[in-house]
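The values are calculated or read from the model by the stated rules, or taken from the named source; none is laboratory data. Just so it is clear, the model here is predicted, and its values are computed rather than measured. Because the Cβ atoms are built from the backbone with ideal geometry, glycine has one as well, and the counts that use them run over all protein chains shown.
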Amino acid sequence: MLIEANKANSDKEFQEKILPEFSKTTGIKSVRLYDNNKSVLEISHPIKTQKFTKIIKTNGNHHISLWKMPNSEYITDVVSNFKVNCPYQVLTREDGFQYINYHKKFSQEQELEKLKPHPAAKLIIRLFKDDLVRIEEDGKIKTVVVKIIGSTSQCVYFPHNITQGKEENNNQDEEKDKTKGSFYLNIKALKSKKLRKLFVSPSGKVFDNGPIFKD
């Protein structure tokens, strides 16, 4: 099954083509898939006397941020939807799995504090899905839209003038694959790609403050 899964170019192809063919060939009607993704959360019940533990997916990423720590180190933080909405502190173990610290609860006034990796950390840039970004590649300036925020800090983008309709044929999908790109949000990308976030006013005026790190 693992060999067959590696033949798929996308999740859609795996679900619609590879799985049905595998079932037809082997006669197996149901399979259990292991998602090798550590962006999951460990929850123990009850809180005081823990009797059992369950693992849940954090249902996608809310945003990605680049922070400058007090020691001048830059770190990238991918924040899940669960962490943003959870009133308790969400920590990450050494193995990459997250868990809830029920001993520390944040109030509504402390929503920004719980997202900071350190009390003295300085926010450099924060990106959400559908944010407008300007980058420079191969001597060309590109204006793109962030469409996917991955758990490994990889951001997938499309040109800002490419539509994202739900009903598309294979030719349109192929054309999009040619125009899409990606970058990892880190200090290297900010410098080499001169990455910066754009803002558009209700009247359509584009505000570009230039690269965050200027030469």
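Descriptive notes on the structure:
- Extreme residue, surrounded by the most Cβ atoms within 10 Å (Cβ to Cβ), among residues of region 97-121 that are touching a helix residue (DSSP H, G or I) at 6+ places or on another chain (Cβ under 9 Å) and in a strand (DSSP E or B): Q98
- Checklist (1) at positive phi; (2) in contact with a Leu (Cβ under 8 Å, 6 or more places away or on another chain) applied to I75, failing item: (1)
- Residue check, R32 modelled with pLDDT under 85, under 25 Å from L185 (Cβ atoms) and basic (K, R): no
- Region 178-193, residues that are β-branched (V, I, T) and buried (at least 16 other Cβ atoms within 10 Å of the Cβ): I187
- Condition met for I124 (part of a strand (DSSP E or B) and surrounded by 15 or more Cβ atoms within 10 Å (Cβ to Cβ)): yes
- Verdict on E94 being among the charged types (D, E, K, R) and in a loop (DSSP other than H, G, I, E, B): yes
- Candidate set from region 129-141 (those that are exposed (fewer than 13 other Cβ atoms within 10 Å of the Cβ) and part of a strand (DSSP E or B)); member that is farthest from the chain's Cα centre (by Cα): K140
- D77 under 19 Å from the mean Cα position of the chain (by Cα), surrounded by fewer than 11 Cβ atoms within 10 Å (Cβ to Cβ) and either modelled with pLDDT of 80 or more or not in a helix (DSSP H, G or I) (or both): no
- Y74 vs. criteria hydroxyl-bearing (S, T, Y) and more than 27 Å from I148 (Cβ to Cβ): no
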